[in-house]
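One structure is given here, and the rest of the page talks about it.
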Amino acid sequence: MQHEQIPESYQLEQFIASHEQVEDAKVVFIPDAKQGELVIAWVIPNDNLITEQSIRAYCELREDHDKPDYVLFTDEFPTTPSGKIQKIRLKEVAQEQLGIQFE
């Protein structure tokens with residue numbers, strides 16, 4: 001199922017970033033043959049105690065909204081020389097880490 005990706009990703013990013021153990025979050029959508037698309041949340045944690053399970057449980061509070069299929073952690077988001085976050089690079093790294101092939 002295709003979503004209005006920009007508004008939905010922004011809302012989910014803001015929600016995840018509101019978690020007390022999260023410094024920042026970005027969400028990307030990756031095409032998937034079985035599910036249509038996968039929702040990948042990239043998180044910069046505030047501490048080392050946060051887990052994928054705690055983020056997923058927190059996202060369960062969002063009824064009737066997308067929730068991440070996977071949560072990946074990073075120290076920083078890749079940026080362009082002008083400082084814009086490179087979501088395409090986040091997609092590529094997620095695919096590499098999770099072993100997901102583009103269709």
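Taking only C-alpha pairs under 8 Å that are 6+ residues apart, what is the relative contact order of the stretch 11-63 in percent?
33 percent
Using just the helices of the chain, give the 222 nm mean residue ellipticity in deg cm²/dmol: DSSP H runs with n ≥ 4 each add -39,500 (n - 2.57), and the total is spread over all residues, rounded to 500.
The helix-only estimate for the chain comes to -9500 deg cm²/dmol at 222 nm.
Counting other C-beta atoms within 10 Å, and keeping those with at most 15, which DSSP coil trypsin sites (Lys or Arg not before Pro) do you find in the chain?
Counting only loop positions with at most 15 other Cβ atoms within 10 Å, the trypsin sites (Lys or Arg not before Pro) in the chain are Lys34, Arg62, Lys84.
Are there GluC sites (Glu not before Pro) in the stretch 1-100 that DSSP puts in a loop and that have at most 12 other Cβ atoms within 10 Å, and which ones?
Hits after loop and neighbour filter: Glu4, Glu20, Glu60, Glu63, Glu76.
Which of rounded, prolate or oblate describes the chain when judged by the alpha-carbon gyration tensor and an a/c cut-off of 1.5?
Here the chain falls in the rounded category.
No lab work stands behind these numbers, since they all come straight from the coordinates. These figures come from a predicted structure and were not determined experimentally. No Cβ is skipped: glycine too gets one built from the backbone with ideal geometry, and neighbour counts run over all protein chains shown.
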